[in-house]
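Let me begin by presenting the structure, written as structure tokens, before commenting on it.
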Amino acid sequence: MKVRRAMPARYGLFLLAALWLLVVLPLSAASAPYAAYVMDARSGKVLHSRNADTRLHPASLTKMMTLYIAFQAVERGEISLDTKVKISRFAASEPPSKLGLKSGQRIAFRYLIRAAAVKSANDAATAIGEALEGSEAAFARRMNRTAKALGMTRTTFKNAHGLTESGHLSTARDMSILGRHVLYDYPEYYNLFSRRSTNAGVREVANTNRRLLGAYRGADGIKTGYTRAAGFNLVASAERGRERIIATVFGGTSTSARNARVAELLDMGFKRAPTRVALQKPKKPAYVPGGAGKTVRVSGITRTSLRPRLRAGTQLAAAAVATPAAPPPAAAQASASGVLSSDIQMALVAAQEVPVDAETAPVQTIVASNSSLAAATLRPAMRPGSTVLALATETPPENEVVTRLSTSGGHQWGVNVGRYNSRYNAERALVTTALAEMTTLEGTLRKVVKKPTGFDANFLGMTRDSADLACRRLTARNISCLMVGPAS
């Protein structure tokens, strides 16, 4: 008897659910305004536009900005992917879609990124904002500063997840601009948006965009969104051969209708876009700090590598050779003269693999005695066509190989990236680390120092702030790093 009485109630619930999905939901979405925008991602050229500048509710497209700032924060060393983030009661209370995080729980930052990108989890998005800026309001201010820097002129963010809130508005054009920046500014993270599912720490989650990813050839992202006020939104990107198109739709009436419309817009884009277009990546904006919140001071970082000035009264052992047309490489001259050891020649070749400014390219290597780096001073070369090779007057038993000149000029700090069992391994570590972190290590002095237990790989000639920032960024890349002070 109890089972028979329960069955009608169950049927009633199923009927209400079906009525909601088939009638109420489509009607509410149908009332959302429609907008569309199609661009050639390679050049940014507009291929189609309809209501593209109308300010509408972006829904979870908002999370593209949350993720963009998360990638930026990892790049700047504000946080690492392995940092354990404590979930607040506010983040845990966010409505679905959500990962199901609990108040007080700790979870790695990388899993919050995955959950926000793939699952579109609102609790994960809020936790990202709080981890970076301390509060949702502070994070929203950072979102708006970043939007302005990206050229999103008609966008205002109020939260990190995109749930409907008064004044939280964007446009199809602005969201397309943001999608293009996500693609080109942080390509190392872009694969997140094409994953059909991913491990989000507490469980495996499925991609909200998996239907389009599976149905449209070349589709590899980017982000879906839905609220009653917004309708069914999507910023999609697809690549076929040399062509890449970004299409954005606001106000779709259902998931299937939205996906079908986006597929039509992508097809339109591939037909209208030329096959060969010079890639013009959007300019990546510099970080714009605000008032409160977690920020990293970046002033004082050496950006260029200038030639050293000649000191009065210094004993020189430098030969400056000016060759206006096609000068031979410094490594070849050293090898021909027979005055450099094989280890130093190897360091020269390794140093030439590192991109440098046109004016600094000829100056690659010096050999300095253990007593003082200042004992070896280079004669300044005034034109980019010259090659400078400086040798110490006497070669001590243990030489220190410096594979790049520095503009330290009183900068007494540096960073150590490890101790190695051979000079070769230390020099190789310096080159690979410099290539991985060119932003903060450009223009520093790369130096190998022999110790009783091995060879230290150091970057010197930095301010304390720039050394601290470099270590933060290296640690975020899982590269071991220790700051080296003036007395080290």
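The values are calculated or read from the model by the stated rules, or taken from the named source; none is laboratory data. Just so it is clear, the structure is predicted and the values come from calculations on it, not from any experiment. We place every Cβ from the backbone using ideal geometry, glycine too, and count neighbours over all the protein chains shown. Remember, those area values only see protein heavy atoms, side chains included, never the ligands or the DNA or RNA. Shrake-Rupley method; radii C 1.70, N 1.55, O 1.52, S 1.80 Å.
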Review point. With θ set to phi - 60° and the Karplus curve 6.51 cos²θ - 1.76 cosθ + 1.60, what are the ³J(HN,Hα) couplings of the stretch 216-221 in order, to the nearest whole Hz, using x for Gly and Pro?
Key: 10, 5, x, 5, 9, x
Revision key, fill the gap. Per-residue accessible area, 1.4 Å probe, largest first, puts Ser166, Ser60 in the order Ser166, Ser60
Check your understanding: Residue by residue through the stretch 147-160, which ³J(HN,Hα) values in whole Hz follow from phi under the Karplus form 6.51 cos²θ - 1.76 cosθ + 1.60 (θ = phi - 60°), with glycine and proline marked x?
Key -> 4, 5, 5, 7, x, 7, 7, 10, 10, 9, 9, 10, 8, 8
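Which of rounded, prolate or oblate describes the stretch 103-193 when judged by the alpha-carbon gyration tensor and an a/c cut-off of 1.5? Please list the in-between numbers first.
Working: a/c = 1.85, a/b = 1.22, b/c = 1.52.
Oblate, because a/c is 1.5 or more while a/b does not exceed b/c.
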Practice item. Can you tell me how much longer the chain between Ser194 and Asn478 gets when fully stretched, taken as 0.36 nm per residue apart minus their C-alpha distance, in nm with one decimal? Key: 99.8 nm
Point to revise | Within the stretch 193-300, trypsin sites (Lys or Arg not before Pro) in DSSP loop having at most 15 other beta-carbon neighbours inside 10 Å | key: Arg196, Arg203, Arg217, Arg228, Arg242, Arg276, Lys283, Lys294, Arg297
**Study point:** Computed FRET value (nearest 0.05) for Lys45 with Val202, which takes r as the C-beta separation and R₀ as 45 Å
**Key:** 0.60
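For the stretch 173-302, what is the per residue volume of the convex hull drawn over the alpha-carbon atoms, in cubic angstrom? Can you show the working numbers first?
Numbers: hull volume 23.4 nm³, N = 130.
Taking only Cα atoms, the stretch 173-302 has a hull volume of 180 Å³ per residue.
In the neighborhood of Glu188, defined by Cβ-to-Cβ distances under 11 Å, what is the net charge if each Lys or Arg adds +1 and each Asp or Glu adds -1? Let's see the in-between values first.
Details: positive: Arg477; negative: Glu75, Asp185.
Combined, the nearby Lys, Arg, Asp and Glu give -1.
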Practice item. Show the residues, 5+ positions off or on another chain, whose built amide H is closer than 5 Å to the amide H of Ser197. Key: Asn207
Practice item. Give the Kirkwood hydrodynamic radius (Å, one decimal) of the stretch 77-229, defined as one over the mean of 1/r across all pairs of different Cα atoms. Key: 16.0 Å
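Are there GluC sites (Glu not before Pro) in the stretch 170-252 that DSSP marks as loop and that have at most 12 other Cβ atoms within 10 Å, and which are they?
Glu188
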Review point. With every protein chain present, what accessible area does Leu183 have (1.4 Å probe, heavy atoms only), rounded to the nearest 10 Å²?
Key: 20 Å²
Point to revise | Cα centroid separation, the stretch 28-88 to the stretch 405-484 (Å) | key: 36 Å
